[in-house]
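A short write-up of the structure that comes next.
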Amino acid sequence: MESDFVQAGQSRLQYYQQGNGPETVVLVHGYASSAALWRLTIEKLGLDEEFRVIAINNRGAGDSSRSTSEAGYTVETFAVDLFNAVQVLGLSDFTLVGHSMGGATVTQFSLEHQDLLKALVLVNSTPLSGRPLADDWEEVLKDSIANGGLTQGDMGFNSLDATEDFKDAVIADIRRNPVERAIGGRRSMSGLRLRDRLGEIRVPTLVVGGDLDVTIGVDEILADYFALPEETRHLNIYHGIGHSPNVEVPASFAHLIARFIAEVNTGKPVQVASG
């Protein structure tokens, strides 16, 4: 994928783009990964003449600028960076998709700027009510980083679509993570209190999960879904899929996004040909 950069406030963010269609889809990655994890989704959606797909590297990911403090790697900071990037790129009426920690980032963005959105998609989002941390979590995390532990997450690498060059690119980005990002991100996710505010989101919202996701747990995914307004919430739970359906079943996932956007546009269920 060819990349470009956008100056988002104080951060210079790398992003990938494909397609020139009328429907803009913005993809936000998770905790330790990068926009490289969206490559299969970009390939499926970006080749459709209906879509313009943009995947942004948060600060500390890929070749985006880095912060020298843990405070630079919080959900709130990422959401501010995302807003600044969206403003510079001149985006509006777009569909915003967030995976894992990116689910919290796009939720935070939506609570502040839902007037810019057409729709929202939460993909195996980190629990929006947070999770407690063990007393020794920071020491354990640092040891894990030293031993390559950040590359051991469920990124869907069992997929037949996940070629060796794809996996190598994702792992290479993960290994470049600043330790401040790993610690700051983990602390930020632990302190999330966004579930109680999901009722404020009025744009159509699709919650996507996998019933084999042991990173998040389907109970947490469903809890976030039920906290959304009944009239605008949508749900898709994949059977036999883990934490990263965007990698495990990219064609199905791209079809799901395309169908959801079509239904938002028409206000009724539609059939969209799968690619």
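With a 10 Å radius around each residue's Cβ, average the other Cβ atoms per peptide and rank 55-63, 145-153, 105-113, 259-267, highest first. Walk me through the numbers on the way to the answer.
Working: 55-63: 24.7, 145-153: 14.4, 105-113: 22.7, 259-267: 16.1.
Highest mean packing first, the order is 55-63, 105-113, 259-267, 145-153.
Shape of segment 1-81 from its Cα gyration tensor (a ≥ b ≥ c, root eigenvalues): rounded if a/c is under 1.5, otherwise prolate when a/b > b/c, or oblate?
Working: a/c = 2.30, a/b = 2.07, b/c = 1.12.
Prolate shape, in that a/c is at least 1.5 and a/b is the bigger ratio.
If you take every residue apart from ALA258 with its C-beta less than 11 Å away from the C-beta of ALA258, what net charge results, scoring Lys and Arg +1 and Asp and Glu -1? Intermediate values should be presented prior to the final figure.
On the way: positive: LYS44, ARG259; negative: GLU23, ASP48, GLU50, GLU263.
Once positives and negatives cancel, what remains is -2.
Going by average Cβ neighbours within 10 Å, how do the peptides 12-24, 161-173 rank, with the highest at the top?
Working: 12-24: 18.2, 161-173: 15.7.
In descending order of packing, they fall as 12-24, 161-173.
What fraction of the DSSP beta bridges in segment 1-128 is antiparallel, stated in percent and rounded to the nearest 5?
Taking every DSSP beta bridge within segment 1-128, about 40 percent pair in antiparallel fashion.
Please turn the phi angles of segment 56-68 into ³J(HN,Hα) values with the Karplus equation 6.51 cos²θ - 1.76 cosθ + 1.60 (θ = phi - 60°), one per residue in order, whole Hz, x for glycine and proline.
Result, ordered by residue: 9, 8, 4, 4, x, 10, x, 9, 5, 5, 10, 9, 8 Hz.
Residue-wise, which Karplus ³J(HN,Hα) couplings in Hz belong to segment 239-256, taking 6.51 cos²θ - 1.76 cosθ + 1.60, θ = phi - 60°, and x for glycine or proline?
8, x, 10, x, 6, 10, x, 5, 10, 5, 9, x, 5, 5, 5, 4, 4, 4
Taking the 0 to 90 degree range and rounding to the nearest ten, how far is the long axis of helix 101-113 tilted relative to the main principal axis of the chain, both from C-alpha atoms?
60 degrees
Could you run the Debye sum over the Cα atoms of segment 142-275, one equal point scatterer each and no solvent, and tell me log10 of I(q)/I(0) at q = 0.16 Å⁻¹, two decimals?
The Cα Debye sum returns log10 ratios of -1.04.
³J(HN,Hα) across segment 195-207 via Karplus (A = 6.51, B = -1.76, C = 1.60, θ = phi - 60°), whole Hz, x for Gly/Pro?
Listing the rounded values in order: 4, 5, 9, 4, x, 7, 7, 10, 7, x, 10, 9, 9 Hz.
Extension gain ARG197-GLU230, at 0.36 nm per residue separation less the Cα-Cα distance, in nm?
Details: separation 33, 0.36 × 33 = 11.88 nm, distance 1.39 nm.
Net length gain for the segment: 10.5 nm.
Which percent, nearest 5, of DSSP beta bridges in the chain are antiparallel? List each step's numbers first, then the result.
Details: 10 of 36 bridges.
Antiparallel bridges make up about 30 percent of those DSSP assigns within the chain.
By accessible area of protein heavy atoms, probe 1.4 Å, what ranking do GLU220, GLU70, GLU231 get, highest first? Working shown, then result.
Working: GLU220 40, GLU70 60, GLU231 135 Å².
My answer, sorted largest first, is GLU231, GLU70, GLU220.
Work out Dmax and Rg for the chain from the C-alpha atoms and quote the Rg first, both in angstrom.
Considering the chain through its Cα atoms, Rg and Dmax are 17.1, 51 Å.
Check which residues have an amide H placed less than 5 Å from TYR238's amide H, if you skip close sequence neighbours.
When sequence neighbours closer than 5 places are left aside, the close amide H contacts are GLY209, GLY210, ASP211.
Give me log10 I(q)/I(0) at q = 0.19 Å⁻¹ for segment 69-221, Debye formula, one equal scatterer per alpha-carbon, no solvent.
Here the Debye-derived log intensity ratios amount to -1.35.
In straight Cα distance, which lysines are under 19 Å from LYS44, not counting same-chain residues fewer than 8 positions off?
In chain and number order, the partners are LYS167.
For ARG197, what charge total do you get from the other residues with a beta carbon under 15 Å from its beta carbon, if Lys and Arg give +1 and Asp and Glu give -1?
Values: positive: ARG193, ARG195, ARG202, ARG233; negative: GLU76, GLU112, ASP196, GLU200, ASP224.
Once all neighbours under 15 Å are counted, the net charge is -1.
Excluding same-chain residues fewer than 8 positions from LYS142, which aspartates and glutamates have a Cα within less than 15 Å of its Cα?
The reachable aspartates and glutamates, counting only those whose Cα sits under 15 Å from LYS142, are GLU70, GLU180.
Under 14 Å between alpha carbons, and skipping anything fewer than 8 positions from LYS268 in its own chain: which aspartates and glutamates qualify?
GLU231
The values are calculated or read from the model by the stated rules, or taken from the named source; none is laboratory data. Computed from a predicted structure; not experimentally measured. Positions of Cβ are generated from backbone atoms using ideal geometry, with glycine treated the same way; all protein chains shown enter the neighbour counts. Ligands, DNA and RNA are excluded from the accessible area calculation, which covers all protein heavy atoms including side chains. Shrake-Rupley method; radii C 1.70, N 1.55, O 1.52, S 1.80 Å.
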